[in-house]
1. From the list P258, P231, pick out the single residue that is touching a helix residue (DSSP H, G or I) at 6+ places or on another chain (Cβ under 9 Å) and either of a type in the set (K, R) or in a helix (DSSP H, G or I) (or both).
2. Considering only the stretch 188-214, state which residues are of a type in the set (V, I, T) and surrounded by 15 or more Cβ atoms within 10 Å (Cβ to Cβ).
3. Conditions first: (1) open to solvent by less than 40 Å² (accessible area, probe 1.4 Å); (2) within 14 Å of the chain's Cα centre (by Cα). T227 passes all but one, so which condition is the exception?
4. Please go through (1) open to solvent by 40 Å² or more (accessible area, probe 1.4 Å); (2) in a loop (DSSP other than H, G, I, E, B) for A99 and return the number of the only condition it doesn't satisfy.
5. Suppose the filter is touching a His at 6+ places or on another chain (Cβ under 6 Å), touching a residue at least 24 places away in the same chain (Cβ under 8 Å) and assigned to a helix (DSSP H, G or I); does A173 pass it?
6. Taking the options E85, E140, E146, name whichever one is closer than 28 Å to L41 by Cα, of a type in the set (D, E) and either surrounded by fewer than 18 Cβ atoms within 10 Å (Cβ to Cβ) or within 14 Å of the chain's Cα centre (by Cα) (or both).
7. When the residues of the stretch 30-73 are filtered to those that are part of a helix (DSSP H, G or I) and polar (S, T, N, Q), which remaining residue is surrounded by the most Cβ atoms within 10 Å (Cβ to Cβ)?
8. Going by what's in this entry, would E159 be described as under 14 Å from the mean Cα position of the chain (by Cα), open to solvent by less than 60 Å² (accessible area, probe 1.4 Å) and closer than 29 Å to V57 by Cβ?
Amino acid sequence: MALGIVTAGLLVLGAVAVATGALGDDGPSHPDDWDPRVADLAAFVEAERGLVFDHPVHVDFLSPADYSAETTEDDGGVADGEREELDRYAAELRALGVASGELDLFAAFNQVADGGTLAFYDPTDQRVRVRGTEMTVGLEVTIVHELTHALQDQRFDLERLYASDLDSGASAAFRGLAEGDAVRIEEAYTADKLTETERTAYDEEFAGELADSQLATADVPPFLSATFSAPYALGQPFVTMLLGQDGNDGVDDAFESPPDTEEHLFDPTSFLAGETVADDLQLGFEEDDD
């Protein structure tokens, strides 16, 4: 369910900074039972994904203002080194010809995280945050996406994406796997659980959210739009290929041993063939020798 730049749901990783509450000494807290509003959605995710939650997670239904506060970071909280890094990145983009003029990447990231999403799952505190206090059919679909991320995290530890030894290509490929998996579960919910009337309501709601998202992110440079959209666009066919090969077991195996290069997303057969970054480098050396 794409909303302009990113999908309606977001897995908070890497480029998007989110203000989260302090965690207790024993780690994030968890509810004893699912919120009744999402219990059936969690059951669907389990059945479709072929996995079982270790425990429920908090789903916070927030007002638009509170959601914005959670998805954006105040400029004053950015360290000088981080601001300098963003400025260097902006200069590189201008040098490559994909951006021009003044470019405030900090503001652009905030716009995407806030105006381009309806919900997100944060693996650091293991909560789902939702923009909206009233359940709608569109919000149901979005929550299914985010609960899929929560299930992935419980079974395969999504915080591995933060690992210091994971390069940018491997991180992007892993995220593509996670988003592709969540997209196919939300699409299964839309196809299998929504009545014709609900699908009509969903389409109308989606159109409205799309218009709002495009307005809220109108100033975001196109390259950033492509950057945030890539894991969803490339991850879905990648996961579809895994499903075709070995069903949910194939997807599980990929989470256990994730793709380590973006090439795997562009060419899924390279992943099935077991090709790695090291193989690509070796091939390059051999071609140079020739």
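1. Within the list P258, P231, the selection yields P231.
2. Across the stretch 188-214, the qualifying residue is only T190.
3. Against the list (1) open to solvent by less than 40 Å² (accessible area, probe 1.4 Å); (2) within 14 Å of the chain's Cα centre (by Cα), T227 comes up short only on (1).
4. Result: A99 fails condition (1) only.
5. Spelling it out, A173 is indeed touching a His at 6+ places or on another chain (Cβ under 6 Å), touching a residue at least 24 places away in the same chain (Cβ under 8 Å) and assigned to a helix (DSSP H, G or I).
6. Details: E85 fails: closer than 28 Å to L41 by Cα; E140 fails: either surrounded by fewer than 18 Cβ atoms within 10 Å (Cβ to Cβ) or within 14 Å of the chain's Cα centre (by Cα) (or both).
E146 is the lone residue from the list that is closer than 28 Å to L41 by Cα, of a type in the set (D, E) and either surrounded by fewer than 18 Cβ atoms within 10 Å (Cβ to Cβ) or within 14 Å of the chain's Cα centre (by Cα) (or both).
7. At the first step, the residues of the stretch 30-73 found to be part of a helix (DSSP H, G or I) are 39-49, 64-71.
From what's left, polar (S, T, N, Q): 68, 71.
Numbers: S68: 15, T71: 26.
Checking each candidate, the answer is T71.
8. Working: under 14 Å from the mean Cα position of the chain (by Cα): yes; open to solvent by less than 60 Å² (accessible area, probe 1.4 Å): no; closer than 29 Å to V57 by Cβ: yes.
Considered against the rule, which asks whether it is under 14 Å from the mean Cα position of the chain (by Cα), open to solvent by less than 60 Å² (accessible area, probe 1.4 Å) and closer than 29 Å to V57 by Cβ, E159 comes out as no.
The values are calculated or read from the model by the stated rules, or taken from the named source; none is laboratory data. Predicted, not measured: the structure shown is a model, and the values here were computed from it. Backbone-built Cβ (ideal geometry, glycine too); neighbour counts: all protein chains shown. The area values use the complete protein model at the heavy-atom level, side chains included, leaving out ligands, DNA and RNA. Shrake-Rupley method; radii C 1.70, N 1.55, O 1.52, S 1.80 Å.
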